[in-house]
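Peer 1: Input: one structure, supplied below.
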Amino acid sequence: TNFPLAMTSDQGVVYYTLDGSDPREAWTGGALGSAYNEPLSLGGSVTVKARALNGGEWSALTEATFLVGTLASAGNLVVSELMYHPSGAGEELEFVEVRNISEGPIDLSGVTFGGIDFTFPTGYVLAPGAYALVVADRAAFEAAYGAGLPLAGVFRNGTALANGGERITLLAADGVTMIESFRYRDALPWPPAADGLGPSLTRIAPMTPGDPEDPASWRPSVVSGGSPGASDALDFSGDPASDGDHDGIVAFAEHAFGSDPANPNRQTDLFSVFTDPFDGALLLEYRRNPAADDVRVVIEGSGDLRDWIDATDAFSVAESAWSSGGNIRVTLRKIAPANGSAPRYFRLRFESR
């Protein structure tokens with residue numbers, strides 16, 4: 001919906017601009033803006049600058065920013081990817097990616113990052129599902145990733161992302177309302193592969209995002225360098241219960257493991273249970289496909305192989321090893337009884353998000 005803007009002056013003719021420039025030419029004093037005759041119909045956010053000219057004398061400059069349309073908020077904008085410690089490079093390949101998770105366009109005018117110094121310019125509109133990138137060095141970024149990606153701008157005032165982790169905030173245009181705030185870290189349970197080994201820190205299922213403070217909401221990117229301006233997730237398709245290679249592992253589990261559903265797999269290659277040789281603690285190890293954002297992994301425990309309970313909270317991540325082939329080997333260490341019981345048997349359950 002367009003917003004009608006009226007302007008008045010007690011004396012003289014009002015001249016205005018919508019591009020951020022002064023309606024008065026600095027050297028000659030001539031008029032550069034448009035003469036106001038009737039209310040303006042603002043179809044989007046814009047900064048209006050105006051002066052009145054009366055008998056050769058200009059009034060003081062009046063300036064105001066009008067935000068029109070659906071503004072960025074906690075319900076429609078998320079941080080979807082961070083490259084905070086590029087492999088084999090300095091800070092010049094760092095980037096932050098945001099994504100519109102709503103079904104309509106949103107206006108990012110005045111949205112401000114904390115952690116890095118950047119404010120989205122007036123009139124910056126993001127289409128449904130679209131991405132915007134803020135980068136450390138435009139030339140270096142385009143040399144590495146190519147031109148044509150949705151760059152909104154560059155980090156300002158020499159700011160950079162801390163290799164050891166820091167708090168990232170995203171404030172709405174009013175400078176007060178929080179859109180997102182979280183502290184990423186460079187060690188478990190945060191994905192250690194994002195700390196200089198090549199992958200970016202990537203939000204899991206950003207269109208239906210979990211808590212950004214929870215490390216379980218993040219994973220390493222599938223490939224080294226990340227996927228700025230795009231998604232590297234791979235959704236499952238087909239019959240989840242099929243087993244074309246007859247190895248006893250159904251297709252949805254093959255998708256979760258990142259294994260080939262056309263080639264038989266030994267189950268011990270994908271999931272194993274063993275004890276720590278040093279202290280006897282129970283360890284679970286499984287292969288994980290980082291592209292399977294549509295999968296939620298649940299650990300279940302049982303004392304009799306009949307009744308199973310959710311034992312996920314009884315384990316912590318002991319290791320997460322990323323491979324250049326795009327899979328992860330996750331090792332979980334048992335830290336407590338599951339829901340107050342002491343199950344002797346454990347299994348993985350894969351749920352669709």
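Peer 1: Between His246, His255, His85, find the one with the highest GNM mean-square fluctuation for the chain; connect C-alpha pairs within less than 10 Å.
Peer 2: Residue with maximal mean-square fluctuation among His246, His255, His85: His246.
Peer 1: Separate question: Within 10 Å of each candidate Cβ there may be at most 14 other Cβ atoms; applying that plus a DSSP loop requirement, which trypsin sites (Lys or Arg not before Pro) in region 227-299 survive?
Peer 2: Numbers: sites: Arg266, Arg287, Arg288, Arg296; in loops: Arg266.
Within region 227-299, the qualifying trypsin sites (Lys or Arg not before Pro) (loop, at most 14 other Cβ atoms within 10 Å) are Arg266.
Peer 1: Given a Förster distance of 45 Å, report the FRET efficiency between Ser352 and Asp19 from their Cβ-Cβ distance, rounded to the nearest 0.05.
Peer 2: On the way: r = 49 Å, r/R0 = 1.08.
Computed FRET efficiency for Ser352 and Asp19: 0.40.
Peer 1: Sticking with this one: Name the residues whose placed amide hydrogens come within less than 5 Å of the amide hydrogen of Glu180, ignoring near sequence neighbours (fewer than 5 apart) on the same chain.
Peer 2: Amide H neighbours of Glu180: Leu170.
Peer 1: Another question about this same structure. Once you place label points 7 Å from the Cα toward the Cβ at Ala321 and Ala31, how far apart are they in nm?
Peer 2: With each label point 7 Å from Cα toward Cβ, the separation is 7.5 nm.
Peer 1: Quote the accessible area belonging to Val273 in square angstrom, nearest 10, computed with a 1.4 Å probe and with ligands, DNA and RNA left uncounted.
Peer 2: 70 Å²
Peer 1: Step through the residues of region 314-328 one at a time and calculate ³J(HN,Hα) from phi using the Karplus curve (6.51 cos²θ - 1.76 cosθ + 1.60, θ = phi - 60°), rounding each to whole Hz and writing x for Gly and Pro.
Peer 2: Karplus-based 3J(HN,Hα) across region 314-328 equals 7, 10, 10, 6, 8, 7, 9, 9, 8, 10, 5, x, x, 10, 10 Hz.
Peer 1: According to the square roots a ≥ b ≥ c of the eigenvalues of the Cα gyration tensor, what is the shape class of region 1-55, taking rounded for a/c under 1.5, prolate for a/b larger than b/c otherwise, and oblate for the remainder?
Peer 2: Working: a/c = 3.16, a/b = 1.49, b/c = 2.12.
Taking the square roots of the gyration eigenvalues as a ≥ b ≥ c, region 1-55 is oblate.
Peer 1: Tell me, what HN-Hα J-couplings in whole Hz come from the Karplus equation 6.51 cos²θ - 1.76 cosθ + 1.60 at θ = phi - 60° for each residue of region 102-112, using x for Gly and Pro?
Peer 2: Those phi angles translate into 9, 9, x, x, 10, 9, 9, 3, x, 5, 10 Hz.
Peer 1: Treating only the Cβ atoms of Lys and Arg (+1) and Asp and Glu (-1) as charged, compute the dipole magnitude of region 110-238 about its Cα centre; round to the nearest 20 debye.
Peer 2: Details: 7 positive and 13 negative charges, 26 e Å.
Dipole of region 110-238, to the nearest 20 debye: 120 debye.
Peer 1: Return a whole-number percent for the relative contact order of region 217-353, with Cα pairs under 8 Å and 6 or more residues apart as the contact set. Numbers along the way, then the final one.
Peer 2: Working: 246 pairs, mean separation 33.0, N = 137.
After rounding, I find 24 percent.
Peer 1: Towards the positive end of the charge dipole of the chain, with charges on Cβ (+1 Lys, Arg; -1 Asp, Glu), say which of Gly129, Ala143, Gly115 has the farthest Cα.
Peer 2: The listed residue farthest towards the positive side: Gly115.
Peer 1: I'm spelling it out carefully: the read-out is semi-axes √(5λ) of the Cα gyration tensor in Å, the candidates are (i) 32, 21, 20; (ii) 53, 20, 18; (iii) 29, 25, 19, and one was derived from this structure. Which label?
Peer 2: It is the one labelled (ii).
Peer 1: If you stretched the chain out fully between Ser237 and Thr70, how much longer would it get, using 0.36 nm times the residue separation minus the C-alpha to C-alpha distance? List each step's numbers first, then the result.
Peer 2: Numbers: separation 167, 0.36 × 167 = 60.12 nm, distance 3.39 nm.
Stretched fully, the Ser237-Thr70 segment lengthens by 56.7 nm.
Peer 1: Moving to a separate point now. Measure off 7 Å from each Cα along the Cα-to-Cβ vector at Ala147 and Met7, then give the distance between these two points in nanometres to one decimal.
Peer 2: Placing both labels 7 Å beyond Cα along the Cβ direction yields 3.6 nm.
Peer 1: Charges only on Cβ, +1 for Lys and Arg, -1 for Asp and Glu: so what's the dipole of the chain about the Cα centre, in debye to the nearest 20? Spell out each step's value before the answer.
Peer 2: On the way: 23 positive and 46 negative charges, 57 e Å.
Charge dipole, the chain, about its Cα centre: 280 debye, nearest 20.
Peer 1: Given the DSSP H assignment, sum -39500 (n - 2.57) over each helix run of at least 4 residues in the chain and divide by its residue total; what's the result at 222 nm in deg cm²/dmol, nearest 500? Walk me through the intermediate numbers first.
Peer 2: Working: 3 runs with 19 residues, N = 353.
Rounded to the nearest 500, the figure is -1500 deg cm²/dmol.
Peer 1: Rounded, prolate or oblate: pick one for region 28-159, where a ≥ b ≥ c are the square roots of the eigenvalues of its C-alpha gyration tensor, a/c under 1.5 means rounded, and failing that, prolate if a/b is larger than b/c, else oblate. Kindly include the intermediate steps, with their values, before the conclusion.
Peer 2: On the way: a/c = 2.96, a/b = 1.81, b/c = 1.63.
Note, shape of region 28-159 comes out prolate.
Peer 1: Please give the per residue accessible area of region 208-260, computed with a probe of 1.4 Å over protein heavy atoms only, in Å². Spell out each step's value before the answer.
Peer 2: Working: 2360 Å² over 53 residues.
That works out to 44 Å² per residue.
Peer 1: So what J values fall out for region 168-184 if you push phi through Karplus, 6.51 cos²θ - 1.76 cosθ + 1.60 with θ = phi - 60°, rounded to Hz, Gly and Pro as x?
Peer 2: Residue by residue, region 168-184 yields 10, 10, 9, 9, 5, 4, 6, x, 10, 5, 7, 8, 8, 8, 7, 10, 8 Hz.
Peer 1: Does a label point 7 Å from the Cα of Arg344, set along Cα-to-beta-carbon, have any residues of region 302-327 with amide nitrogen under 19 Å, and which are they?
Peer 2: 302-311
Peer 1: Let me ask something else about it. Normalised by the number of residues in the chain, what is the relative contact order in percent for Cα pairs under 8 Å and 6+ residues apart? Please report the intermediate quantities before stating the final value.
Peer 2: On the way: 814 pairs, mean separation 38.4, N = 353.
RCO, the chain: 11 percent.
Peer 1: Mind grabbing the accessible area of Ser34 for me, 1.4 Å probe, Å², rounded to tens?
Peer 2: About 60 Å², ignoring ligands and nucleic acids.
Peer 1: Also: How large, in percent, is the carbon and sulfur part of the accessible surface of region 1-82 at a probe radius of 1.4 Å? Present the calculation step by step, with values, prior to reporting the outcome.
Peer 2: Numbers: 2300 of 4710 Å².
On region 1-82, the fraction of accessible area on carbon and sulfur atoms equals 49 percent.
The values are calculated or read from the model by the stated rules, or taken from the named source; none is laboratory data. Just so you know, these numbers come straight off a predicted model, no measurement behind them. Reconstructed Cβ throughout: ideal geometry from the backbone, glycine too, with neighbour counts over all protein chains shown. The area values use the complete protein model at the heavy-atom level, side chains included, leaving out ligands, DNA and RNA. Shrake-Rupley method; radii C 1.70, N 1.55, O 1.52, S 1.80 Å.
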